[in-house]
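> Structure provided below as structure tokens; questions to follow.
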Amino acid sequence: MAVFALAGLIFFTSFNTAKGTNIRTDASLLKLSDLIQERSHKNASLDESNGTLRDEVDTLAGRENGGSKADTAKLAALEKNTGTQKLKGKAVTVTLNDAPPNATAKLPGYPEPQPDYLVIHQQDLQAVVNALWLGGAQGIKVMDQRLISTSAVRCVGNTLILQGRVYSPPYKITAIGDPQKLQKALADSPAIQNYMVYVNVYGLGWKVEENGTVTLPGYSGTVDLHYAKPVE
């Protein structure tokens with residue numbers, strides 16, 4: 001009797017919840033991955049709008065205040081150092097990519113790859129960014145976004161989440177600076193030397209190329225610090 005009563009309660013609850021609709025997940029419904037991509041595109045659009053509005057505010061503020069040339073030059077230098085303005089110069093681009101799904105060990109003495117061996121991880125991207133800064137990079141762009149002092153390169157699985165937007169491999173990192181010093185810093189990095197073992201053994205993607213003269217975009221997101229306070 002108890003079993004039948006419980007079954008009846010379950011049927012009634014299911015009927016009341018569905019109200020004539022299919023309560024199973026329909027393949028046509030928006031998937032979580034689709035929702036993430038939609039939000040990512042929306043964030044990109046908002047960043048672009050934010051950058052346009054910031055330029056208008058800066059223009060109006062300069063016209064209203066009528067600051068001296070020295071103040072204007074000082075402000076321009078600060079904006080350049082913070083990465084909110086475009087930067088032009090000689091550049092080096094590093095491209096990282098996952099290994100082929102059917103990859104095997106190419107050199108003797110190495111085990112067959114685990115799934116983690118074949119994908120780009122957060123520490124790989126961070127190692128490249130750190131090496132480029134160490135090599136004297138004046139500015140760095142990851143994919144299509146400029147990095148600033150508060151930028152965080154984070155990965156979930158092999159998906160990059162950068163400043164509210166989502167990216168999949170291959171990942172491109174472009175830095176402006178002295179090309180020889182930048183490439184030397186990459187070669188001297190212990191973390192990248194370890195990564196190169198996986199490149200040679202399992203086929204992870206790695207490409208370094210000089211781009212000539214390029215222009216990096218200015219950072220267009222918010223620069224407010226929400227979780228930090230200046231030292232008194």
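The values are calculated or read from the model by the stated rules, or taken from the named source; none is laboratory data. Everything numeric here is computed off the predicted structure, so don't read it as measured data. Cβ placement follows ideal geometry from the backbone for every residue including glycine, while neighbour counts extend to all protein chains displayed. Quick note on the areas: whole protein, heavy atoms, side chains included, nothing else; ligands and nucleic acids left out. Shrake-Rupley method; radii C 1.70, N 1.55, O 1.52, S 1.80 Å.
> Within region 197-210, how many residues are over 12 Å from residue 99 (Cα atoms) and among the hydrophobic types (A, V, I, L, M, F, W, C)? Spell out how you get there, then give the answer.
From region 197-210, those over 12 Å from residue 99 (Cα atoms) are 197, 207-210; that's our starting set.
This time we only want the ones that are among the hydrophobic types (A, V, I, L, M, F, W, C), so: 197, 208.
The number of residues fulfilling the criteria is 2.
> Under 8 Å between Cβ atoms, at least 6 apart or on separate chains: pull out the pairs that start in region 112-126 with a residue that is closer than 10 Å to residue 99 by Cβ and end on any residue that is of a type in the set (Asp, Glu).
Qualifying pairs under 8 Å: 118/98; 119/98; 120/98.
> Okay, moving on. Going by the structure shown, is residue 152 more than 30 Å from residue 112 (Cα to Cα), modelled with pLDDT of 95 or more and either surrounded by 14 or more Cβ atoms within 10 Å (Cβ to Cβ) or within 19 Å of the chain's Cα centre (by Cα) (or both)?
In short, no.
> Among the residues of region 99-113, is any in contact with a Leu (Cβ under 8 Å, 6 or more places away or on another chain), closer than 21 Å to residue 203 by Cα and among the acidic types (Asp, Glu)?
Scanning region 99-113, I find no residue that is in contact with a Leu (Cβ under 8 Å, 6 or more places away or on another chain), closer than 21 Å to residue 203 by Cα and among the acidic types (Asp, Glu), so the answer is no.
> Please give the number of the condition residue 180 fails out of (1) more than 24 Å from residue 216 (Cα to Cα); (2) over 21 Å from the mean Cα position of the chain (by Cα); (3) surrounded by fewer than 16 Cβ atoms within 10 Å (Cβ to Cβ); (4) not β-branched (Val, Ile, Thr).
The number of the failed condition is (1).
> Among 91, 99, 131, which is part of a loop (DSSP other than H, G, I, E, B) and in contact (Cβ under 8 Å) with a residue 60 or more places away in the chain?
Numbers: 91 fails: part of a loop (DSSP other than H, G, I, E, B); 131 fails: part of a loop (DSSP other than H, G, I, E, B).
So the residue among 91, 99, 131 that is part of a loop (DSSP other than H, G, I, E, B) and in contact (Cβ under 8 Å) with a residue 60 or more places away in the chain is 99.
> Is it the case, given these coordinates, that residue 194 is touching a residue at least 40 places away in the same chain (Cβ under 8 Å), closer than 26 Å to residue 103 by Cα, open to solvent by 70 Å² or more (accessible area, probe 1.4 Å) and in a helix (DSSP H, G or I)?
No.
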